[in-house]
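Notes for the one structure printed next.
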Amino acid sequence: MARTFGISVTHDFPHLGRRVMLVNARKLWTEESDSILVLMAIEDVTERKRIHEELVRSNEDLQRFAYVAAPAMRSDAPSRTPRTTCLIRAWASPIS
């Protein structure tokens, strides 16, 4: 069974700037020539990596916010319940 190997390479191209490339290679054996070939694929994953890093940063920000906001929301919950109920009733009533 042939295994696939992959590595991430960062390179500064003169006209494109810094790009992140994912390089995959797989050994292939051919019966006809009784030899081993190497199939390589190179994929530009710069945008995917940027989006992933942005998502990780956003999730960290959200976790920090939840850590700070959760105690305040729990302590304020009983006083908010009548207001929330009143708003729900107002929205549910027919519009005149």
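Every number in this text was worked out from the coordinates using simple rules, so none of it is lab data. Because the structure is predicted, anything quoted here is derived from the model rather than measured. Don't worry about glycine lacking a Cβ; one is built from the backbone with ideal geometry, like all the others, and counts go over all protein chains shown.
Here the gap between Thr10 and Val38, fully extended at 0.36 nm per residue and compared with their Cα-Cα distance, gives a gain of 7.9 nm.
Summing Lys and Arg as +1 and Asp and Glu as -1 over all other residues whose Cβ lies under 13 Å from the Cβ of Leu37 gives a net charge of -1. Note down the net charge around Glu60, summing +1 for each Lys or Arg and -1 for each Asp or Glu among other residues with Cβ under 15 Å from its Cβ. Once positives and negatives cancel, what remains is -1.
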